[in-house]
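First up is the structure itself, then whatever we jot down about it.
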Protein chains: 2
Amino acid sequence: MSVYAERIARVREQMSATGVDTLLLSVGADLPYLTGYEAMPLERVTMLVVPRDGEATLVVPRLEASRVVEQPDVFTVSAWDEIDDPLERIAGLVGRGAASIGIGERTWARFVLGLQDALPGARFRSSTEVTAPLRMRKDAAEIEHLQAAATAVDRIAAEMGERPFGGRTEADVHRELADRIIEHGHQRVNFAIVGSGPNGASPHHEASERVIGDGDVIVCDFGGTMDGYCSDITRVFVVGEPTAEVRDTYAVLHEAQERAFLAATTGTPCEAVDAAARTVIEAAGYGEHFIHRTGHGIGLEEHEEPYIVAGNDRPLVSGYVFSVEPGIYFPGRFGLRLEDIVVATEAGPRRLNEASRELAVVA
Amino acid sequence: MSVYAERIARVREQMSATGVDTLLLSVGADLPYLTGYEAMPLERVTMLVVPRDGEATLVVPRLEASRVVEQPDVFTVSAWDEIDDPLERIAGLVGRGAASIGIGERTWARFVLGLQDALPGARFRSSTEVTAPLRMRKDAAEIEHLQAAATAVDRIAAEMGERPFGGRTEADVHRELADRIIEHGHQRVNFAIVGSGPNGASPHHEASERVIGDGDVIVCDFGGTMDGYCSDITRVFVVGEPTAEVRDTYAVLHEAQERAFLAATTGTPCEAVDAAARTVIEAAGYGEHFIHRTGHGIGLEEHEEPYIVAGNDRPLVSGYVFSVEPGIYFPGRFGLRLEDIVVATEAGPRRLNEASRELAVVA
């Protein structure tokens, strides 16, 4: 049995357990998880229809049908022409009997609303209720893929530390990161945040034409997709000797990240991992400067369940893979963030990233 | 009044005309069209709430709030923290009075379903009913942006024709296209299709490791985003002298594209432009090999309304900008497509792309 056929079988068990009659999967990672095929994010809809019993069908635009690698033990292909109504076809495959439909969480609103009109009796829920319990728990092959991607960005972090930052623009450093992400074996650059000086205080800052200067603290947060799986790492660089304040707050951050990492044992609720980091930062008096959650799951998507956030009492299970990335931000001045990808195992938490976690002093 | 304030005023008129009480805009182009701000495609929701009367509010994750360029005459910012429920906040801003909600057509299903739960009395429709009539009709500044992006890809098409294709992989040509798209002033590469030989018969083929050989026909379809607006062009290259069959079918395609271009006068229904291309290809006996519509609107998005497709009786209006891109595909052998961006004007259709439309013979 192929990995996809195995996954579909487990998805069907989960559909039974959660009372979902039909899954409808379009853009997003559930579809490639179950079929190896990724839907193009276009106005021409692609959708896998998975009844709890009976054969799955991949409804796909005719002009994309030749891109599909068929998996006869998983689905059959139904290609639609430009003058067809694909939502009508999908509704026909769902049938009138389906009361509860799980739809991919990134499906475009226009398709959700169109299908609700075409299937007025059905209740729509997010497919995540069905797929997340499976996708969160990575198997050995998936962890190998995530390890390979993590090792690649570890190398990039080390290489970046050997080059000068001073005198270059953020956009220039961004381009170097993006190029290296591809050179080191990723097929896709997902993001390459370069936040220097005051820009580092904006966690999702877009690299600008700001020229990096002496004494600047630079947050570099970057990742891509390699063979379907994502990397994500954050390291902090500083041009010349850091001030005592930067060194001291970085030491707090480093300690917070280590505490959260050590807390990430199986059975521990996600929120307790968040609290482990937060407690250290709060005790040092920087609580209000840590303005985001501690982490997110990672796999086929950069951000997926489980979220390492207050209020999430889901206990960690062996095979869960997630980021641990506390941050401390001083608006108008500088920011700090330190991020590794961690896998929960029965033997304790294990980091996939091993690049140096010391503040990197650069020219 | 800023361009955004003007657009919001026109959107409100359109809301009145279509009976929409509140617009909810997230990922996709409606939000930047009205605010200049683009939502990150993340599980942390960003949403502009536009009541028909009263102030608009941009609900945004706290850690992205510093990226927002405020437009006090257009919206106020409401930042939510990691432990807040943003959908509850959005529902509160919508209020119980709203019976009809227009939601951005690319909004993620998880947010659509969550908002439907939070606002059980409201009817949800696509915001496109409100925004498309405005967005389709480009103003002079928008046409200048589209012209600049078109001129950039024209230059790339010319440069590509001067280099050898033979002996290189599709992926290598793809990388060259992607690099040139950035070099020529785009901020983002949207796609760079390189379909050589039999791969050219798959209109959305992903560049592969196939090595391009003598006699190969290569479809290159590429575009990016420059200052918010998209480019999109397709040209065909052939390694060495084309066969008589390639030359003859290309002549049919060239004629079909020209006919569709000439048909694109204001007042002409979109479907008649499609028919103009299709009639030429059908008359030559290749009707079944033209497997897609003739074109799509283009602007802030690569594909947007109006679609140049059978069944779309919307008449062209001055300022509409769209692609004209018929294709002829022979599965297992080769494909051909020829694409320009065209603007409808009172003085007749005008092409934004002026790169040579001849079959480009390369080494």
_So, A:ALA251, is that one assigned to a helix (DSSP H, G or I) and touching a residue at least 60 places away in the same chain (Cβ under 8 Å) or not?_
no
Checking A:GLU271, A:GLU282, A:GLU241 in turn, the sole residue that is surrounded by fewer than 17 Cβ atoms within 10 Å (Cβ to Cβ), over 20 Å from A:HIS204 (Cβ atoms) and touching a residue at least 12 places away in the same chain (Cβ under 8 Å) turns out to be A:GLU241
Contact list, first residue from the stretch B:289-303 and more than 9 Å from every other protein chain (Cβ to nearest Cβ), second anywhere and part of a strand (DSSP E or B) and among the acidic types (Asp, Glu), beta-carbon distance below 9 Å, six or more apart or interchain, is B:GLY295/B:GLU339; B:GLY297/B:GLU304; B:GLY297/B:GLU305; B:ILE298/B:GLU304
A:GLU176: passes all of (1) of a type outside the set (Gly, Ala, Ser); (2) farther than 18 Å from A:TYR329 by Cα; (3) outside any helix (DSSP H, G or I) but (3)
Output for Cβ contacts, cut-off 6 Å, separation at least six or different chains, first residue free of Cβ contacts under 8 Å to residues at least 12 places away in the same chain in the stretch B:82-99, second assigned to a loop (DSSP other than H, G, I, E, B), reads B:ILE83/A:ALA310; B:ILE83/A:GLY311
Checking A:GLU206, A:GLU129, A:GLU183 in turn, the sole residue that is in contact (Cβ under 8 Å) with a residue 60 or more places away in the chain and surrounded by fewer than 19 Cβ atoms within 10 Å (Cβ to Cβ) turns out to be A:GLU129
Within the stretch B:107-120, does at least one residue satisfy the condition of being buried (at least 18 other Cβ atoms within 10 Å of the Cβ), β-branched (Val, Ile, Thr) and more than 10 Å from chain A (Cβ to nearest Cβ)? no
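Every residue, every condition in (1) of a type in the set (Ser, Thr, Tyr); (2) under 26 Å from B:SER202 (Cα atoms); (3) exposed (fewer than 15 other Cβ atoms within 10 Å of the Cβ); (4) free of Cβ contacts under 8 Å to residues at least 60 places away in the same chain, yes or no:
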| position | (1), (2), (3), (4) |
| --- | --- |
| A:MET1 | no, no, yes, no |
| A:GLU6 | no, no, yes, yes |
| A:MET15 | no, no, no, no |
| A:GLY19 | no, no, yes, no |
| A:ASP30 | no, yes, no, no |
| A:ALA65 | no, yes, no, yes |
| A:THR76 | yes, yes, yes, yes |
Scanning the stretch A:135-147 for residues that are part of a helix (DSSP H, G or I) and either buried (at least 17 other Cβ atoms within 10 Å of the Cβ) or in contact with a His (Cβ under 9 Å, 6 or more places away or on another chain) (or both) gives A:ARG135, A:MET136, A:GLU142, A:ILE143, A:HIS145, A:LEU146, A:GLN147
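What strands (runs of 3 or more DSSP E), lying completely within the stretch A:1-83, carry at least 3 residues that are more than 23 Å from the chain's Cα centre (by Cα)?
Values: elements: A:22-25, A:47-51, A:56-61, A:75-80.
Here the list reads A:47-51, A:56-61, A:75-80.
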Flagged pairs (Cβ under 8 angstrom, 6 or more apart or on separate chains; first in the stretch A:38-53, at the interface with chain B (Cβ under 10 Å from one of its Cβ atoms) and under 28 Å from B:GLY297 (Cβ atoms); second assigned to a loop (DSSP other than H, G, I, E, B) and polar (S, T, N, Q)) are A:MET40/A:THR46
Of the residues that make up the stretch A:187-195, is at least one assigned to a loop (DSSP other than H, G, I, E, B), under 27 Å from A:SER2 (Cβ atoms) and within 11 Å of another protein chain (Cβ to nearest Cβ)? yes
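Read-outs: derived from the displayed coordinates by stated rules, not from any lab. Model, not experiment: these values are computed from the prediction. When we count neighbours, we look across all protein chains shown, and the Cβ atoms used for this are built from the backbone with ideal geometry, even at glycine.
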